[in-house]
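Structure first, commentary second.
The values are calculated or read from the model by the stated rules, or taken from the named source; none is laboratory data. Owing to the predicted nature of the structure, the values given are computational and were not obtained by experimental measurement. No Cβ is skipped: glycine too gets one built from the backbone with ideal geometry, and neighbour counts run over all protein chains shown. Side chains are part of the model used for accessible areas, which takes the heavy atoms of the whole protein and leaves out ligands, DNA and RNA. Shrake-Rupley method; radii C 1.70, N 1.55, O 1.52, S 1.80 Å.
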Amino acid sequence: MTILDDIVARTRERLGSEPPPDVEAAEHAALNRTPFGLTAGLRRDRISLIAEIKSASPSAGLIVKDPDVEEIAFYYDYGGAAAISVVTEPDFFLGSREWIERAAVASGLPVLMKDFIIDESQLIRGVAAGASAILLLASLLDANQIRDFIRCLDAYSCDALVEVHDEKELERAINGGARIIGVNNRNLRDFSVDLGASERLAGQIADGVLRVAESGIKTRADVDRLRAAGFDAFLVGESLLRQNDRAAAVRELVFGS
């Protein structure tokens, strides 16, 4: 059993005890936010940074105890982030779906919900919670599931960021019709990190598809390296969260100063 297997098993247990998703709330939320806000936020001339809020991870342990979501989101926006990622998985990452709306209101930015999606009900709950986009892991889904989940999100004008780590997962994302593909430099099975994963896969992603590099990005040099490889946006979490001045840390990555 890998860490990912443990997370998925716990997710299945949790889903079995949750009430049915509130479709009406999801429809209402979709009508009261910008359609496909993540796509709009990432299609701009300057560097697009997706700044992440999370409390912990299996690889790093506790990062920020009981994070002040509003304060972090505000300073991410102030520093120039294009969007915010919120890790909502509660058992291994100590996250919460309640953080989505809090981050969106405090920042005014589109919010990506990051969780381990295995069932359509999770998508509807994420939309109802205020997500502008939801992460889909190609490591957990086949091409047909990816296509079906994207179709579900399209009905709510919600973006799907399909995350891959290797060629096999990228093929699933492409065949599933992904319009935003994130390459995770972290292997979710053993949590090792290699920026070369993004460089290796970038050229295999078609023009017109938004490319997002994820994990292991700490400096402006890392951003420049991956931008040269063809990436449009960069998802950064732990290195920002550990800074005392998070706005300045975002500014350094986006503007280089």
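A compact table of results
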read-out	value
Test: residue in the range 238-245 that is at pLDDT below 95 and within 16 Å of Ser48 (Cα to Cα)	no
Subset tally (residues that are assigned to a helix (DSSP H, G or I) and in contact with a Gly (Cβ under 8 Å, 6 or more places away or on another chain)) for the range 22-42	1
Flag for Ala206 being in a loop (DSSP other than H, G, I, E, B) and farther than 23 Å from Thr2 by Cα	yes
Selection count, the range 127-141, where residues are part of a strand (DSSP E or B) and either open to solvent by 10 Å² or more (accessible area, probe 1.4 Å) or out of contact with any Ser or Thr (no Cβ under 9 Å at 6 or more places or on another chain) (or both)	3
Unmet criterion (only one of (1) out of contact with any Leu (no Cβ under 9 Å at 6 or more places or on another chain); (2) within 30 Å of Ile118 (Cβ to Cβ)) for Ala160	(1)
Scan of the range 108-126 for residues that are surrounded by fewer than 23 Cβ atoms within 10 Å (Cβ to Cβ), under 23 Å from Glu71 (Cα atoms) and under 16 Å from the mean Cα position of the chain (by Cα), ordered by number	Leu109
Where Gln122 falls short, out of the listed (1) among the polar types (S, T, N, Q); (2) in a loop (DSSP other than H, G, I, E, B); (3) in contact (Cβ under 8 Å) with a residue 40 or more places away in the chain	(2)
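Table: residues versus (1) more than 30 Å from Glu71 (Cβ to Cβ); (2) open to solvent by 40 Å² or more (accessible area, probe 1.4 Å); (3) of a type in the set (S, T, N, Q).
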position	(1), (2), (3)
Thr88	no, no, yes
Leu94	no, yes, no
Glu163	no, no, no
Glu171	yes, yes, no
